[in-house]
Amino acid sequence: MSIAHDLFLASDLKIFPTGKNDKADQELWNSSYSHLNEEQRKKWEAYYGPKNKAFYDANLTGKDLVRYKYQRFIKDYLRVVASADKNIGRILNYLDKTNLSKNTIVIYTSD
């Protein structure tokens, strides 16, 4: 796998299709985001819309596109990891405060 060839704009980078993307991106977009209700879509577009516009305006190619893909993906990934870490900490703190940690097993898995 490589950043240049295996990170899809729609599913991996959350960049919505503009008609310039290949068929695979359009299919991934439809399967990944078609389930959002109107409120969720508005929130999604408010956050990612400006980023996506900047991406298309930049018209990146070659190594610049690869660097962008990596930065976009890794920043989103690290935000997810930080959120998981924070919220697992909240659960563990709650278990400690309520004296449930003595009788609780916490199992964390990931793909």
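Per the Debye formula with a single identical scatterer at each Cα and no solvent contribution, what log10 I(q)/I(0) holds for segment 39-80 at q = 0.25, 0.29 Å⁻¹? Cα-only, vacuum Debye calculation for segment 39-80: -0.94, -1.02. Going from the fewest other Cβ atoms within 10 Å to the most, the residues D76, D64 appear in the order D64, D76.
The aspartates and glutamates within cross-link reach of K75, meaning a Cα-to-Cα straight distance under 16 Å and a gap of 8 or more places when in the same chain, are D12, D85. Helix 38-58 axis versus longest C-alpha principal axis of the chain: approximately 50°, rounded to the nearest ten.
Computed per residue of the chain from DSSP H runs no shorter than four, each worth -39500 (n - 2.57), the mean residue ellipticity at 222 nm is -23000 deg cm²/dmol. Using Cβ point charges alone (K and R +1, D and E -1), the dipole size of the chain about the Cα centre works out to roughly 400 debye.
If you take the square roots of the eigenvalues of the alpha-carbon gyration tensor of segment 55-111 and sort them as a ≥ b ≥ c, do you get rounded (a/c under 1.5), prolate (a/b over b/c) or oblate?
Prolate is the answer for segment 55-111, as a/c is 1.5 or above and a/b outweighs b/c.
Applying Stokes-Einstein at 37 °C and 0.692 mPa s to the Kirkwood radius of the chain, computed over alpha-carbon pairs, gives a translational diffusion coefficient of 197 µm² s⁻¹.
Ranked by how many other Cβ atoms sit within 10 Å of their own Cβ, fewest first, the residues W29, W44 fall in the order W44, W29.
Every read-out reported here was derived from the displayed coordinates using simple, explicitly stated rules and does not represent laboratory data. None of these values were measured; they are calculated from a predicted model. Cβ: placed from backbone, ideal geometry, glycine included. Neighbour counts: every protein chain shown.
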